[in-house]
1. Would you check if there is a residue in segment 45-57 being under 26 Å from Ala204 (Cβ atoms), within 16 Å of the ligand (Cβ to nearest atom), within 38 Å of the chain's Cα centre (by Cα) and not in a strand (DSSP E or B)?
2. Search segment 1-19 for residues being more than 16 Å from the ligand (Cβ to nearest atom) and of a type in the set (D, E, K, R), and hand back the single one that is farthest from Gly151 (Cα to Cα).
3. Within segment 318-337, can you find the residues that are more than 23 Å from Glu265 (Cβ to Cβ) and in contact (Cβ under 8 Å) with a residue 12 or more places away in the chain?
4. Is it the case that Tyr143 is more than 17 Å from Thr68 (Cα to Cα), within 16 Å of the ligand (Cβ to nearest atom), assigned by TED's automatic domain parsing to the domain that holds Ile209 and hydroxyl-bearing (Ser, Thr, Tyr)?
5. Hey, can you tell me all the residues within segment 161-196 that are over 20 Å from Gln79 (Cβ atoms), surrounded by fewer than 21 Cβ atoms within 10 Å (Cβ to Cβ) and over 33 Å from the mean Cα position of the chain (by Cα)?
6. With the condition being assigned by TED's automatic domain parsing to the domain that holds Phe91, within 16 Å of the ligand (Cβ to nearest atom) and modelled with pLDDT under 95, I'd like the strands (runs of 3 or more DSSP E) fully within segment 166-250 carrying at least 3 qualifying residues.
7. Can you name every residue in segment 138-160 that is in contact with a Lys or Arg (Cβ under 9 Å, 6 or more places away or on another chain) and polar (S, T, N, Q)?
8. Name the single residue, out of those in segment 261-288 being part of a strand (DSSP E or B) and in contact with a helix residue (DSSP H, G or I) (Cβ under 6 Å, 6 or more places away or on another chain), that is farthest from Glu367 (Cα to Cα).
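The values are calculated or read from the model by the stated rules, or taken from the named source; none is laboratory data. All of these numbers come straight from a predicted model, not from anything done at the bench. A quick note on method: Cβ atoms are made from the backbone with ideal geometry, for glycine too, and the neighbour counts reach across all protein chains shown.
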Amino acid sequence: VLDRTAFYPRGGGQEPDHGKIGDAEVTDVVKFGDVVIHSVVGKVPRSGATVDCQVEGTRRRKITQIHTATHILNGSSRQVLGPWVWQHSAFKEEDYGRLDITHFAHLTQQEVEKIEDLANEVVRKNLPVNTSFMPRQEAEERYGFRIYQGGIVPTKSIRIVNIGNWDIEACGGTHAKRTGDVGLVKITKAERVQDGVERLEFVAGESAIEYVHRMDSALNRVSATLETQRENIAKVAESLKSELEAVRAREKALGQRMVELSTAEVLSSAKEVKGVKLYVGSQSPLGEELIIAQGQKCTESDPSLVYVNVFVIGNSARVVCFVGAKARESGLSAGEIARQVAGQLGGSGGGSAAFAQGGGPSLDRIEDAVQSVEGTVASLVRG
Ligand SMILES: [Zn+2]
């Protein structure tokens, strides 16, 4: 706590100044009644000491640009949408502004662009921003209750901020001297946040330029990836998406056909083990989904089949097991087989008697696990 301060405390939706008090870093400034409390990191000055305050200029300047833009946008929203538009709430940070306004309908792209165009027109006119204290009653008589957009001010004398007669409000925040100082207003998002309240998110001044740079470099990256001019990105992305959907559909159809064709081969290569037929596959080119389809199809067409497949996904070994209805009569359970095979792979597995899966991290044990399946099945068959 200082006897007086240059730091703007959090208030009116505006975030506080940062900076230094002596050697300590100011990270937050809040006001309780008439007392301003500075939160600092580092060496706290001793009580009674005289200190140098240094407000971080860039942050203050950027917040001021955003704050001033909030007033301008509030005015242009009213111009574009109608006089009923009222500021619901607002928030101003260094690189982000938010203005919630009351409006009955969701804003269209055209309305958002109009609000933005009008705001930038006000910026280009370089209108003066006048701040003056005046008695509450006089202010209300002269400007009406629209000065309380940012909330009711309880004091007798109120601080009126007049932005070139475009927007007049009672406000205690920090403002640019002229609208031209705001530089550029860019709305980045418009969305409905609750019934009757529309949210405009925006950047202004230096943060708007930074935003444009970010978007520019993102567009350049996409354009390079798609190997097309920026102007064609949307068209190329749309056609790529429909191409991808077609390829996926074809892949699915081909996969199903492959599974059907492979059934005969799986069944003919199955080995007789104590009265059941056993198929053990590994290094299958089919993905997990098709392996499962293959196992299901094969055990359906031959119920005495036990189907086991060990394969790799990413960094782990997987096992899929199906036991046909007839093979289950000899006491075999897919869950138990998957559990034992996955155990070999250093992991765990389980499932029902008909279908189970599992896996483990030991890729180097795949060959051993495959070799062990026959013994496992033989030991589980009821004599
Ligand atoms: Zn203000």
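1. Within segment 45-57 (the criterion being under 26 Å from Ala204 (Cβ atoms), within 16 Å of the ligand (Cβ to nearest atom), within 38 Å of the chain's Cα centre (by Cα) and not in a strand (DSSP E or B)), the answer is no, since none of the residues qualifies.
2. Just the residues of segment 1-19 that are more than 16 Å from the ligand (Cβ to nearest atom), to begin with: 1-7, 18-19.
This time we only want the ones that are of a type in the set (D, E, K, R), so: 3-4.
Numbers: Asp3: 28, Arg4: 26 Å.
Here the answer is Asp3.
3. Within segment 318-337, the first condition is being more than 23 Å from Glu265 (Cβ to Cβ), and the residues that meet it are 328-331, 333, 335-336.
Arg328, Ser330, Gly331, Ser333, Gly335, Glu336, listed by residue number.
4. On the way: more than 17 Å from Thr68 (Cα to Cα): yes; within 16 Å of the ligand (Cβ to nearest atom): yes; assigned by TED's automatic domain parsing to the domain that holds Ile209: yes; hydroxyl-bearing (Ser, Thr, Tyr): yes.
Taking the combined requirement at face value, the residue satisfies it.
5. Correct list: Gly172, Lys177.
6. Values: elements: 167-170, 185-194, 197-204.
Passing ranges, in order: 167-170.
7. Result: Thr155, Ser157.
8. Applying the first criterion (part of a strand (DSSP E or B)) to segment 261-288 yields 271-273, 276-282.
Filter again for in contact with a helix residue (DSSP H, G or I) (Cβ under 6 Å, 6 or more places away or on another chain), leaving 273, 276, 278-280, 282.
Working: Val273: 20, Val276: 22, Leu278: 17, Tyr279: 15, Val280: 11, Ser282: 9 Å.
My answer is Val276.
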